[in-house]
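Derivation of every value follows stated rules applied to the coordinates shown; laboratory data play no part. This structure is a prediction, so every number in the text was calculated from the model and none was measured. Neighbour counts are summed over all protein chains in view; Cβ atoms, including those assigned to glycine, are modelled from backbone coordinates with ideal geometry.
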Amino acid sequence: MERAEAYGFSAAMSGSFLLSCLLFAAINRRQRGPYMDEAFHVPQAQAYCHGRFLQWDPMITTLPGLYLVSVGVVKPAAWLFGWTGSVVCSAGMLRFINLLFSAGNFYLLYLLLFKIHQKNKAVSGFQRVLSTLTLAMFPTLYFFTFLYYTDPGSVFFTLFAYLMCLYGNHKTSALLGFCGFMFRQTNIVWMVFCAGNVVAEKLNEAWKIQLQKKKDEKISSRKGSFSDVVRILQFLIEYLTSPKNLVAVIALTWPYIILVTMFFVFVFINGGIVVGDRSSHEACLHFPQLFYFLSFTVFFSFPHLLTPTKIRKFLLSLQKHPVQYSLIAVISLFLIWKFTYVHKYLLADNRHYTFYVWRKVFQRHELVKYLLVPVYMFAGWSFADTLRSKSIFWILMYFVCLLAATVPQKLLEFRYFILPFLIYRLNIPFPSLYRQLMELAFYIVVNAVSFYLFLNRTFQWPNSDDIQRFMW
């Protein structure tokens with residue numbers, strides 16, 4: 001890191017943390033008691049603070065990683081600073097843990113951007129710092145910095161594991177992945193992603209050697225044609241059925257294999273992936289979740305994905321490949337028809353933005369969900385187009401993990417999109433400075449509106465004196 005970049009990074013991180021502290025204080029003044037899911041998380045953490053480690057709220061569906069880390073931080077701090085009484089594990093003190101995770105995420109995002117794009121000499125230090133600041137302000141994640149939720153810690157350990165994977169420290173990566181799993185069970189998908197990253201590198205090396213032998217460079221340059229797909233599938237089957245190659249892959253990925261094996265043992269003993277209340281978290285094949293994620297990504301990355309150039313390229317692609325796009329449209333319509341699920345929380349809880357998205361868009365008419373297929377197709381094409389710089393094997397591995405992370409979820413919940421979005425955003429080429437500034441300005445505006453609504457536009461339900469607030 002050059003001196004100017006180091007100063008810029010320090011200024012951005014310090015300024016971001018100071019702003020977050022001021023916002024944290026304002027939120028805690030307005031909402032002193034637990035809110036929403038905090039009503040389960042805060043008492044559980046307080047039970048751990050008092051040494052009652054066998055006490056468990058059956059409504060909690062995640063493992064106790066957040067509470068164990070909280071006790072590990074708060075208890076030594078209380079001893080060091082002489083804190084006593086209810087302040088030790090108050091809601092405000094527990095929320096502060098996520099503020100610390102947020103600072104850690106800022107640093108990890110910078111390191112990941114530096115590592116992933118280190119070969120691109122055209123990227124300036126200012127662009128790296130600016131992109132780091134932008135991703136750290138990503139609205140869906142940034143909002144939960146100020147509440148006692150699992151998201152900031154879950155993102156921290158998963159990004160840390162990904163960073164260690166990129167540096168080849170796979171045992172450390174798997175250990176950090178286990179910590180991420182303790183925050184949220186579905187993070188196991190991103191440990192498979194880390195293992196897939198290693199495998200994708202080996203596959204790409206072998207693929208290049210095969211292309212060189214055949215002297216057929218057209219295969220690598222024309223991604224997407226049917227003949228290329230067949231050749232790649234044949235290559236995958238040949239490579240992964242070779243005992244020599246299989247042993248080499250296992251030797252590289254064994255820490256992740258052990259972690260995934262532990263996960264399956266846990267699922268078998270637990271009788272499912274969810275602990276506690278399973279009635280509201282049933283797994284299903286909810287394929288439209290992928291379409292919702294793509295739309296979510298276009299919305300939050302519109303300076304990169306929703307441009308006149310991309311729209312023109314998409315229309316040209318439609319003209320050149322009408323049969324393929326017609327087939328994709330038919331499959332999409334079928335998936336929406338047969339696999340759309342509406343969770344009871346989505347229809348009943350008017351505190352979440354997803355409630356209003358569903359009511360204002362999807363519930364306007366029965367046909368709306370089908371009429372959005374062209375939007376989904378553009379979103380998917382634009383999304384894939386920005387990943388062209390990655391190898392075909394990396395793209396394949398990422399999409400498999402994306403499907404595994406989104407499709408089984410019955411509830412449309414924007415928080416579930418945080419990690420797949422961040423990993424996608426970290427891996428796309430650096431946009432122009434103008435687009436980066438536009439993205440940052442957009443995130444700041446969205447955050448300002450979100451916090452204004454949360455703090456000032458409160459309401460009450462009939463037959464309840466509790467103050468309700470809008471949130472992601």
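Multiplying the residue separation of V330 and L371 by 0.36 nm and removing their Cα-Cα distance gives an extension gain of 13.5 nm. For n ≥ 4 DSSP H runs only, could you compute -39500 (n - 2.57) per run for the chain, divide by its residues and tell me the 222 nm figure to the nearest 500? Computed ellipticity for the chain at 222 nm equals -22500 deg cm²/dmol. Dipole check for the chain: with +1 at the C-beta of Lys and Arg, -1 at the C-beta of Asp and Glu, and the Cα centre as origin, the magnitude is about 1160 Debye. For the stretch 396-403, backbone phi angles converted through the Karplus equation (6.51, -1.76, 1.60; θ = phi - 60°) give residue-by-residue couplings of 4, 5, 5, 5, 4, 5, 4, 4 Hz, Gly and Pro being listed as x.
Shown here for the stretch 1-93: trypsin sites (Lys or Arg not before Pro) in loop regions (DSSP other than H, G, I, E, B) with at most 16 other Cβ atoms within 10 Å, namely R32, R52. When the Cα positions of W472, V189, T241 are compared along the charge dipole of the chain, T241 comes out farthest toward the positive end, with charges on each C-beta of Lys, Arg, Asp and Glu.
Kirkwood radius and radius of gyration were both taken over the C-alpha atoms of the chain, and their ratio Rg/Rh is 0.96.
Cysteine residues of the chain whose Cβ has no partner cysteine Cβ closer than 4.7 Å: C21, C179, C284, C401. Solvent-free Debye calculation, one equal scatterer per alpha-carbon of the stretch 123-168: log10 I(q)/I(0) at 0.21, 0.26 Å⁻¹ equals -0.85, -0.97. Computed over the stretch 282-431, relative contact order equals 46 percent, with contacts defined as Cα pairs under 8 Å that lie 6+ residues apart.
Pulled fully out, how much extra length does the chain show between R278 and D349, if you take 0.36 nm times their separation in residues and subtract their Cα-Cα distance? Present the calculation step by step, with values, prior to reporting the outcome.
Values: separation 71, 0.36 × 71 = 25.56 nm, distance 1.84 nm.
Extending this stretch completely gives an extra 23.7 nm.
Any chance you could check the Cα centroid distance between the stretch 1-78 and the stretch 414-444 for me, in angstrom? That distance is 24 Å.
Calculated on the Cα set of the stretch 298-370, radius of gyration then Dmax: 16.1, 45 Å.
Compactness ratio for the stretch 326-472: Cα radius of gyration over 2.2 N^0.38 Å (N = residue count) comes to 1.25. Projecting the Cα positions of I428, L133, G271 onto the charge dipole of the chain (unit charges on Cβ atoms of Lys, Arg, Asp and Glu, taken about the Cα centre) puts I428 furthest along the positive direction. Distance between the modelled labels on L403 and F299, one decimal in nanometres: 2.5 nm (7 Å Cα→Cβ projection).
Across the stretch 257-271, rounded Karplus estimates of 3J(HN,Hα) from the backbone phi angles (6.51 cos²θ - 1.76 cosθ + 1.60, θ = phi - 60°) give 4, 4, 5, 5, 4, 4, 4, 5, 5, 4, 4, 5, 5, 6, x Hz, Gly and Pro being marked x. Taken along the Cα-to-beta-carbon direction at a fixed 7 Å, the label points for L99 and Q363 span 3.7 nm. Farthest toward the positive end of the dipole of the stretch 282-431, out of L372, W358, L290, is the Cα of L372, where the dipole comes from beta carbon charges about the Cα centre.
Taking chymotrypsin sites (Phe, Trp or Tyr not before Pro) across the stretch 112-197, the ones in a DSSP loop with at most 16 further Cβ atoms lying within 10 angstrom of their Cβ are Y167.
Taking the Cα centre of the stretch 282-431 as origin, sum charge times position over the Cβ atoms of Lys and Arg (+1) and Asp and Glu (-1), and report the length of that vector in debye to the nearest 20.
Working: 16 positive and 5 negative charges, 56 e Å.
Rounded to the nearest 20 debye, it is 280 debye.
So which of K213/K320; K119/K208; K121/K310; K121/K171; K115/K410; K171/K390 end up more than 28 Å apart, counting from Cα to Cα? Beyond 28 Å: K213/K320; K121/K171; K115/K410.
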